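Asks: The structure under discussion is supplied below as structure tokens; questions concerning it will follow.
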Amino acid sequence: MAGLWDAVLRGEAAVRRAATAAVDTALLEGVLMRTEAEPNASDVVSYAPFTLLPSAVPSALFEQAYAVQQDFNVLVDAISQNKEFLERTLASTIKVDDFTARLFRIHLQVLEEGLAQSVFLGINRSDYMFDCGAPGVPALKQIEINTIAASFGGLASRTTAVHRRVLKVLGMSEEASRLLPNNPSEGLASGIAKAWELYGSRSAVVMFLVEQVQRNIFDQRCVENELWNRNIRVIRKRFRDVFEKGSLDDARRLFVDGQEVAVVYYREGYVPKNYDQQNWEARLLLERSRAVKCPDIATQLAGTKKVQQELSRPGMLEKLLPGRAEAIARIRATFAGLYSLDVGEEGDKIAATAIANPDRFVLKPQREGGGNNLYGEELRQVLEKIKDSPERTSYILMDKIQPQPATNYLLRAHSPLKASECISELGIFGVYVRQGKELVMNEVAGHLLRTKAVEHADGGVAAGVAVLDTPYLV
């Protein structure tokens, strides 16, 4: 896999020419972010960071990731409906992790009151790396599944055109024609549109629930545009707006600023800093409503690291997906080694193993958004500190994946042009819609490739570490 573009990368003048064309094409195609200096203004924008060249991805692993996505959609949906499984799995975590505990309390409160929501929409992204740790062929290994605010579907829809242009500028038209079409924004919008339609009110709107700081607005606008093109009205609100101007009528229909909301699409609400007391109250109001939440709170809990670890236990998938042996085999084939740090003999043993061999593992808290995982010496220090405390149950341990690095250029505004040793992570978008007990839509909505320099252990594009990329199948 290494060395795909070696001949190209040797010509410095050609690389500079290609980089200039690449940046202009990114601006032309709308691969954009707001600037750090003015994160809430679109007067001055820049291109979102991306690789100069597409990265090699083994076609067999790419196809495997696509083939298993509908199975993961079914699994996430099954977990979200299984109160006993969530309660048992998260029991130790909610004792020590206040954020997960608060989400779980809202989940129980909504179930106790009786669900007003009858249509359920899931937009998730399953992330993988290509593990070359064992001798033989590389293997597809799942890093995590994101069930809330899975981003960059919009910009990923526009990145392929940039890499196609770069390859043509470098005289590689045939290679350019081999880049696969990819349009996650259309796929994500089709799920939102289906949920809106099943909600059953043509005058109701789709509400994007957005952060205070909105640097990544163009990624969201790509999906929003697709909805406007279908004549579905979109409003953008923050938790604060919901707290101040949101209400439920007797039928528990949600109104914000006087407008009925059919679908709430969360692009925030996945980390503790998104919440103060008012925002928690707003979240409860949203969850109690009839509106279709993407995700509802049970589906957000289904995406926690603790659930991911529990799924790897022998026999667990069989309980959640009875009679689906082929789907279970496809899912299980993507699992890396996952280990519980629950209090008890099993947890003690794995904690001791990780302290002795910190480079073999990754320590993961129950957090989304990138930049939270611990590696190497830092992992050892944290585990040493919490090894005898119940606090360790707020983490899980995972085998560290060993991808094969390759050379590329990471293009960032105001950064020098230099070659880097890089590793990539492949995300597959899945979309499903359930009405009552019937799954009325279950689709793969496209892919996202992100690449980062090998010195960065953790972090995504929004965290400023990884950059957008396009797979070149080999």
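The values are calculated or read from the model by the stated rules, or taken from the named source; none is laboratory data. None of these values were measured; they are calculated from a predicted model. Every residue, glycine as well, gets a Cβ built from its backbone with ideal geometry; the counts of neighbours run over all protein chains shown. The protein model used for the area step is the full one, side chains on, heavy atoms only, and it has no ligands, DNA or RNA in it. Shrake-Rupley method; radii C 1.70, N 1.55, O 1.52, S 1.80 Å.
Asks: Among the residues of the range 354-379, which ones are under 28 Å from residue 301 (Cβ atoms) and outside any loop (DSSP other than H, G, I, E, B)? Break it down stepwise before answering.
Replies: Initially, the range 354-379 is screened for residues under 28 Å from residue 301 (Cβ atoms), giving 354, 361-375, 378-379.
Hits for the range 354-379 are 354, 361, 362, 363, 364, 365, 374, 375, 378, 379.
Asks: Among 257, 250, 219, which is the only one that is in contact with a strand residue (DSSP E or B) (Cβ under 9 Å, 6 or more places away or on another chain), modelled with pLDDT of 95 or more, in the same structural domain as residue 191 (by the TED database) and surrounded by fewer than 23 Cβ atoms within 10 Å (Cβ to Cβ)? If you could, list the steps in order and put the result at the bottom.
Replies: Numbers: 250 fails: in contact with a strand residue (DSSP E or B) (Cβ under 9 Å, 6 or more places away or on another chain); 219 fails: surrounded by fewer than 23 Cβ atoms within 10 Å (Cβ to Cβ).
One residue alone meets the criteria, 257.
Residue by residue, here is whether (1) at pLDDT 95 or above; (2) open to solvent by 10 Å² or more (accessible area, probe 1.4 Å); (3) farther than 16 Å from residue 266 by Cα; (4) in a loop (DSSP other than H, G, I, E, B) holds:
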| residue | (1), (2), (3), (4) |
| --- | --- |
| 281 | yes, yes, no, no |
| 286 | yes, no, no, no |
| 309 | no, no, yes, no |
| 313 | no, yes, yes, yes |
| 317 | yes, no, yes, no |
| 322 | yes, yes, yes, yes |
| 326 | yes, yes, yes, no |
| 330 | yes, yes, yes, no |
| 334 | yes, no, yes, yes |
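Asks: Being open to solvent by 10 Å² or more (accessible area, probe 1.4 Å) and in a loop (DSSP other than H, G, I, E, B) is the filter here, so list the residues in the range 288-302 that pass it.
Replies: Passing the criteria: 290, 296.
Asks: Which condition does residue 10 not pass, out of (1) of a type in the set (D, E, K, R); (2) without any contact (Cβ under 8 Å) to a residue 12 or more places away in the chain; (3) under 19 Å from residue 153 (Cα atoms), if it passes all the others?
Replies: Failing condition for residue 10: (3).
Asks: Just need a number here: residues in the range 178-219 that are acidic (Asp, Glu), free of Cβ contacts under 8 Å to residues at least 24 places away in the same chain and assigned to a loop (DSSP other than H, G, I, E, B).
Replies: Filtering the range 178-219 for residues acidic (Asp, Glu) gives 186, 197, 211, 219.
Within this subset, residues satisfying the condition of being free of Cβ contacts under 8 Å to residues at least 24 places away in the same chain are 197.
Add one more test, that the residue is assigned to a loop (DSSP other than H, G, I, E, B), and what stays is none.
Summing the residues that are acidic (Asp, Glu), free of Cβ contacts under 8 Å to residues at least 24 places away in the same chain and assigned to a loop (DSSP other than H, G, I, E, B) in the range 178-219 gives 0.
Asks: Identify all residues within the range 408-437 that are open to solvent by 40 Å² or more (accessible area, probe 1.4 Å), touching a Leu at 6+ places or on another chain (Cβ under 7 Å) and at pLDDT 95 or above; write none if there are none. Don't jump to the end; show me each part of the working.
Replies: Quick first cut of the range 408-437, residues open to solvent by 40 Å² or more (accessible area, probe 1.4 Å) only: 412, 414-419, 421, 435, 437.
Add one more test, that the residue is touching a Leu at 6+ places or on another chain (Cβ under 7 Å), and what stays is 419, 435.
435 - this is the single residue of the range 408-437 that is open to solvent by 40 Å² or more (accessible area, probe 1.4 Å), touching a Leu at 6+ places or on another chain (Cβ under 7 Å) and at pLDDT 95 or above.
Asks: Considering only residues that are closer than 13 Å to residue 235 by Cα and of a type outside the set (Val, Ile, Thr), look in the range 175-224 and name the one that is nearest to the chain's Cα centre (by Cα).
Replies: Checked the range 175-224; the qualifying residue nearest to the chain's Cα centre (by Cα) is 220.
Asks: In the range 163-177, how many are open to solvent by less than 60 Å² (accessible area, probe 1.4 Å), farther than 16 Å from residue 447 by Cα and in a helix (DSSP H, G or I)?
Replies: Step one: of the range 163-177, the residues open to solvent by less than 60 Å² (accessible area, probe 1.4 Å) are 163, 166-167, 169-170, 172, 175-176.
The next check asks that each one be farther than 16 Å from residue 447 by Cα; those that pass are 166-167, 169-170, 172, 175-176.
Restricting the remaining residues to those that are in a helix (DSSP H, G or I) gives 166-167, 169, 175-176.
Result for the range 163-177: 5.
Asks: Looking at the range 24-48 only, could you name the residues that are in contact with a strand residue (DSSP E or B) (Cβ under 6 Å, 6 or more places away or on another chain), open to solvent by 20 Å² or more (accessible area, probe 1.4 Å), touching a residue at least 60 places away in the same chain (Cβ under 8 Å) and not hydroxyl-bearing (Ser, Thr, Tyr)?
Replies: 32, 34, 45
Asks: Does residue 72 satisfy being touching a Ser or Thr at 6+ places or on another chain (Cβ under 6 Å), assigned to a helix (DSSP H, G or I) and open to solvent by less than 30 Å² (accessible area, probe 1.4 Å)?
Replies: Values: touching a Ser or Thr at 6+ places or on another chain (Cβ under 6 Å): yes; assigned to a helix (DSSP H, G or I): yes; open to solvent by less than 30 Å² (accessible area, probe 1.4 Å): yes.
So residue 72 passes the test.
Asks: Anything in the range 197-216 that is over 18 Å from residue 32 (Cβ atoms) and open to solvent by 20 Å² or more (accessible area, probe 1.4 Å)? List them, or say none. Please lay out each step first, then the result.
Replies: Let us first name the residues in the range 197-216 that are over 18 Å from residue 32 (Cβ atoms), namely 197-207, 209, 212.
Within the range 197-216, 197, 198, 200, 201, 202, 203, 212 qualify.
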